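Notes for the one structure printed next.
What follows draws every value from the coordinates through simple rules; no lab data is involved. Since we're looking at a predicted model, the values are computed, not measured. Glycine also receives a Cβ, built like all others from the backbone with ideal geometry; neighbour counts cover every protein chain displayed.
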Amino acid sequence: MPASKGYAALDSKSSLAPITFSRREPGPTEINVEILYCGVCHSDLHMIRNEWGNAVYPMVPGHEIVGRVAAVGNASKKFKVGDIAAIGVIIDSCRHCLPCSKGEEHFCDEGATLTYAATDRVDGSITMGGYSNNYVVDERFAHTVPANLNLAAVAPLLCAGITTYSPLRHWNAGPGKRIGIIGLGGLGHMGLKFAHSFGAHVVQFTTSLKKKEDALKLGADEVVFSKDHAQMKAHAASFDFILDCVSAPHALDDYLPLLKQDGTLSLVGLPDTPPSFASFNLITGRRSISGSMIGGMVETQEMLDYCGQHNIVSEVEVIPIQQIDEAYKRLLRQDVKYRFVIDMSSLK
Ligand code: NAP
Ligand code: ZN
Ligand code: ZN
């Protein structure tokens, strides 16, 4: 295989820089995907800055990948050369434990292999992500993409999409339910679109007043400015489920009193400091706090097919890879509508 090209973080502080590295030839059930688009997830920023303490450098981030199959192994059945394929947050798992046998590889008992900054199960190398020109993956961990969808706008479905689709399905967002989404970012705007599409009454919470009109257009029935105490109080004890998509530390006690009896607040956002909350806000009304992580291969394909049927994609700003540092700065200022996606043809 010719050397792969990408952009890498070399430490937790510097700008991303071009890098070359090697990927193996695809094995019998593997495919080599020429990457067309890769979304920019806030997790990429947490990771390159080592905010979760598990960074490995050089790190090529990127786990919202859409590309064209350039080569297939001699036993691969799902793809042929020229097909569009998509790769998300995990690229391997033990494949035989109970969660894996149910297609819930993200909960693998032995730990799933992440798309970047993890140890590859096949060759022991450190996995390099989608800010690059190609990816080699077992076809079990790649997805087909509905032909009617814009490919740049599909890329974020592979993380932001499945991470919000899965908990909304698990906690039965649908007609008759009041669902809150906290944070109108990459994850939040997909949560809003899905909850609306499932038929729930959706309330978007935001700290950015300027996003109100967008939230309404994206499907919110109501928008609450979460810094306004009176607006928050007006929603006391009214939600069946709240999905917390916030990337920075914030007060859960502002939201727990808004849950009905037996309501659940589920965390998908991963700020670098642990959340805290008053136990009284849980015992009153037997409320729960839970969490959810991406989704397995079966549900990720189900989500992509659902998006094809309902014409759902991400709102994206397509950028060349040379603008990645500026994109990170804007992400931190909550200034993106609503996901940056790198056009990988810019990688020379
Ligand atoms: P993002 O696009 O930056 O969106 C985060 C949103 O949080 C912002 O748009 C903003 O919404 C809100 N926010 C930011 N700072 C805030 C603050 N100080 N106080 C209150 N609200 C604030 O990030 P993302 O890519 O959606 O990712 C969100 C989080 O989910 C990250 O921590 C990421 O690592 C995590 N994540 C988890 C999973 C999983 O499997 N569980 C998967 C992917 C990502 P408003 O402007 O509307 O207030
Ligand atoms: Zn992500
Ligand atoms: Zn497993």
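Please list the three semi-axes, largest first and in whole Å, of the ellipsoid equivalent to the chain, using sqrt of 5 times the eigenvalues of its alpha carbon gyration tensor.
Equivalent ellipsoid semi-axes, largest first: 34, 21, 19 Å.
What does the charge dipole of the chain about its Cα centre add up to, to the nearest 20 debye, if the Cβ of each Lys and Arg holds +1 and the Cβ of each Asp and Glu holds -1?
480
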Legend entry - Peptide ranges 131-141, 314-324, 7-17 listed from the most packed, as the mean C-beta count within 10 angstrom indicates: 131-141, 314-324, 7-17
Inset, instruction - Can you check what the Kirkwood hydrodynamic radius comes to for segment 1-125, Cα pairs only, in Å to one decimal? - result: 15.8
Inset, instruction - List the extent of the Cα atoms of segment 297-348 along each of their three principal axes, largest first, rounded to whole Å. - result: 34, 29, 20
Legend entry - Dipole magnitude (debye, nearest 20) for segment 277-348, charges at Cβ of Lys, Arg, Asp, Glu: 400
Legend entry - Neighbourhood charge, 13 Å Cβ-Cβ cut-off, centred on D272 and excluding it, Lys, Arg +1 and Asp, Glu -1: 0
Inset, instruction - Label segment 99-153 by shape, choosing from rounded, prolate and oblate, from the square roots a ≥ b ≥ c of the eigenvalues of the Cα gyration tensor; if a/c is under 1.5 it is rounded, and otherwise prolate applies when a/b is larger than b/c, oblate when it is not. - result: oblate
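Take the Cα gyration tensor of segment 149-276, multiply each eigenvalue by 5, square-root it, and list the three semi-axes largest first, rounded to whole angstrom.
For segment 149-276, the ellipsoid semi-axes come out as 21, 16, 15 Å.
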Legend entry - Rounded, prolate or oblate (a/c below 1.5 giving rounded, otherwise prolate when a/b exceeds b/c) for segment 68-177 by Cα gyration tensor: oblate
Inset, instruction - Divide by every residue of the chain the summed helix terms, -39500 (n - 2.57) for each DSSP H run of at least 4, and state the resulting mean residue ellipticity at 222 nm, rounded to the nearest 500 deg cm²/dmol. - result: -6000 deg cm²/dmol
Inset, instruction - Write down the Å³ per residue value for the convex hull defined by the alpha carbon atoms of segment 266-311. - result: 126
Legend entry - Cα gyration tensor shape for segment 242-346, rounded if a/c is under 1.5, else prolate or oblate: oblate
Legend entry - Kirkwood Rh and Cα Rg combined as Rg over Rh, evaluated for segment 152-202: 0.96
